[in-house]
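Trainee: Quick one: structure below, then a few questions.
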Amino acid sequence: MAPAAISWYCFTQEEKNDLEHSWNLVESKKNHIACDIYEMIFNQCPEARRLFPKLKFVGSKPDRKNNEFAFQAMRFMQVIEGAVKALDHLTSLDVILDNLGRRHGKLEVNGKFRSYYWSVFLECSIYCLRHAFSKRMNDKEVDHVIILWRYLLRDVMKKIKAGTTADIAHRMHQMSIDDSRKYSLPAIQHKESNASSAGVSWKNKKLLENCDQSTNPFVCVLTNLKSYSGSECI
């Protein structure tokens, strides 16, 4: 299913206000929250480290001071921030999320990415956001707003996964076309023609060698005729 065909959750104006309010409370800490999310992702899903070969790890934990770690964490946070700031026009994110998903298609085909990683990203994001909200809101408020965040981020992940699935389908289709071309009749005939041409060239080379070895032109012709005739019989 195309990302555009997946409907966004329809938030009421009050729910949009609650989401925006909760984000405003923690926006100044978004860098720290982003790093918390990524650290939790690697703790919950160590195999995801294969996606980031440049990251440095101290023991089993990522080096949070590493520029690459902070860069990757903030890229993911930009997706979250982009969603909460587009509540009045969420469909404008469809193309962006589709492209993001398609960029991960190659990784999944190569065995470096697994579709369940998106679920890990979602749960780790919800956990870390809830932890951040709990420092500024009471339990009842947190329980209410975290449900809204789950609706929002769930749809974000659905859109990204749809892009990934579409890219994989496209790659598999292209591979199927390439294979069919490889074993098509014209391709086989072309290979046989090349092989035949190579065989004739080898025979011509042998004929020239025979001529070089004889100073008598009649001997040369007779020798070549005998050699050529004999090889054809074989």
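The values are calculated or read from the model by the stated rules, or taken from the named source; none is laboratory data. Predicted, not measured: the structure shown is a model, and the values here were computed from it. Here the Cβ is made from the backbone with ideal geometry for all residues, glycine too, and neighbour counts use every protein chain on show.
Trainee: All but one of (1) within 19 Å of R154 (Cβ to Cβ); (2) surrounded by 14 or more Cβ atoms within 10 Å (Cβ to Cβ) hold for M74, so report the exception by its number.
Mentor: Status for M74: all satisfied but (1).
Trainee: Residues Q78, Q72, Q13: which one is touching a Phe, Trp or Tyr at 6+ places or on another chain (Cβ under 9 Å), polar (S, T, N, Q) and in the same structural domain as S119 (by TED's automatic domain parsing)? Walk me through how you get there before you give the answer.
Mentor: Working: Q78 fails: touching a Phe, Trp or Tyr at 6+ places or on another chain (Cβ under 9 Å); Q13 fails: touching a Phe, Trp or Tyr at 6+ places or on another chain (Cβ under 9 Å).
Within the list Q78, Q72, Q13, the selection yields Q72.
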